[in-house]
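Below you'll find the structure, written out as structure tokens, and then a few comments.
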Amino acid sequence: MPKSSILFVTKIRAYLEVMRPANIVTAFADVLAGFAVAGGAIALQSGELQISPEGLVWLLLSTFGLYGGGVIFNDYFDADLDAEERPERPIPSGRLSKTEVAILGILFFLIGIGAAYQVNAYSIVLAVLITVGSLLYDSWGKHSVLWGPLLMGLCRGWNLLLGCSIVPITLLIDWYLPFIPITYIASITLISQGEVHGGSQKSGFTALGLVILVTGSLLLLGAQSTYELMMALPFIIIFGGMVIPPFLKAAINPNPDFIKDAVKRGVLSLVLLNSALAAGFGGLMLGLLVVALLPISIGLAKLFAVT
């Protein structure tokens, strides 16, 4: 293979590494779950399901840009730290410059906000909030025990609402739902703070408690009329089975290997969390559509780093 071709492939590989494709797939699940919630809400109000499929495509493109921009800037702001702890990452290894990564991140954020512009004003506001929240997390918040989990959780909660925004009235009816992904992401972010040098049992058991709280919250949603618990129950059981054991192991023995496994399982299981919401609000087929993203995300996680 010519040297120019090898350099091109190396560069493309490096760009894909900073994008963390497996994580972006989980963001699609957020929007699809929000879409399902919107369908349930509008059906309750009018007895009809009238949602534009074009709007859903734009929102999926929006979350692709917004989440992609967030993870790309994560490498930008972590360049000096990665030089010490992860020298194989694209910037410290010299495969990409900080300028190249910044330009790519800005491009992704512009795609995200531009796609949201095609839907409605509520989608635009949420896209801007996600952009600002992501940059605050990447540049400052991730180093805070309090603000790191909160900012990352807010971004995932807003991403769920981005899917809901296709029917704006849903934002008023189901305003509380983002607290579920916020709590879940807070648990992942909290335990991930020890994935390089090891963590503490206190943080581990707090994260485990939050995961159990999230699982219980999915069950409690059955108390409302638009959520079919029996449709969601298989997805909830699988979700709990995927995340609770590795979080428990990492809490009991918070060494970096166990923590990395818990974080990886936690990120990938976002798809299962969203599938439970999608099945409960939108029916079995929509739940299965969301869970079909999981093998895609797992496959990509084998090729590109998740954390």
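Results, tabulated for the structure shown:
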{"item": "Some residue of region 138-147 being surrounded by fewer than 20 Cβ atoms within 10 Å (Cβ to Cβ) and modelled with pLDDT of 90 or more", "result": "yes"}
{"item": "Test: residue in region 231-239 that is assigned to a helix (DSSP H, G or I), touching a residue at least 60 places away in the same chain (Cβ under 8 Å), crowded, with 16+ Cβ neighbours inside 10 Å and aromatic (Phe, Trp, Tyr)", "result": "no"}
{"item": "Residue satisfying all of: in region 66-92; among the acidic types (Asp, Glu) and within 29 Å of residue 127 (Cα to Cα); surrounded by the most Cβ atoms within 10 Å (Cβ to Cβ) among these", "result": "75"}
{"item": "Listing of helices (runs of 4 or more DSSP H) fully contained in region 130-197 that carry 3 or more residues being within 21 Å of residue 306 (Cβ to Cβ)", "result": "147-164, 179-192"}
{"item": "Inter-residue pairs, beta-carbon under 7 Å, first aromatic (Phe, Trp, Tyr) and in region 7-33, second part of a helix (DSSP H, G or I), 6+ apart", "result": "15/104; 28/60; 28/63; 28/293"}
{"item": "Pair list, Cβ < 9 Å and 6+ apart or interchain, from region 144-164 residues that are of a type in the set (Ser, Thr, Tyr) to residues that are modelled with pLDDT under 95", "result": "144/150; 144/151"}
{"item": "Filter pass, residue 218 being under 27 Å from residue 60 (Cα atoms), over 15 Å from the mean Cα position of the chain (by Cα) and surrounded by 15 or more Cβ atoms within 10 Å (Cβ to Cβ)", "result": "yes"}
{"item": "One residue from 276, 250, 262 being modelled with pLDDT of 90 or more, more than 18 Å from residue 181 (Cβ to Cβ), assigned to a helix (DSSP H, G or I) and of a type in the set (Gly, Ala, Ser)", "result": "250"}
{"item": "Residues of region 203-228 satisfying the condition of being part of a helix (DSSP H, G or I), closer than 20 Å to residue 281 by Cα and not aliphatic (A, V, I, L, M)", "result": "215, 216, 217, 222"}
{"item": "Residues that are of a type outside the set (Gly, Ala, Ser) and surrounded by fewer than 20 Cβ atoms within 10 Å (Cβ to Cβ), drawn from region 240-250", "result": "242, 244, 245, 248, 249"}
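For every residue, the table says whether it meets (1) aliphatic (A, V, I, L, M); (2) over 30 Å from residue 203 (Cβ atoms); (3) crowded, with 18+ Cβ neighbours inside 10 Å; (4) in contact with a helix residue (DSSP H, G or I) (Cβ under 8 Å, 6 or more places away or on another chain).
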| residue | (1), (2), (3), (4) |
| --- | --- |
| 106 | yes, yes, no, yes |
| 110 | yes, yes, no, yes |
| 113 | yes, yes, yes, yes |
| 117 | no, yes, no, yes |
| 125 | yes, yes, no, no |
| 132 | yes, no, no, no |
| 149 | no, no, yes, yes |
| 161 | yes, no, yes, yes |
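The values are calculated or read from the model by the stated rules, or taken from the named source; none is laboratory data. Not measured: the values here are computed from a predicted model. Because the Cβ atoms are built from the backbone with ideal geometry, glycine has one as well, and the counts that use them run over all protein chains shown.
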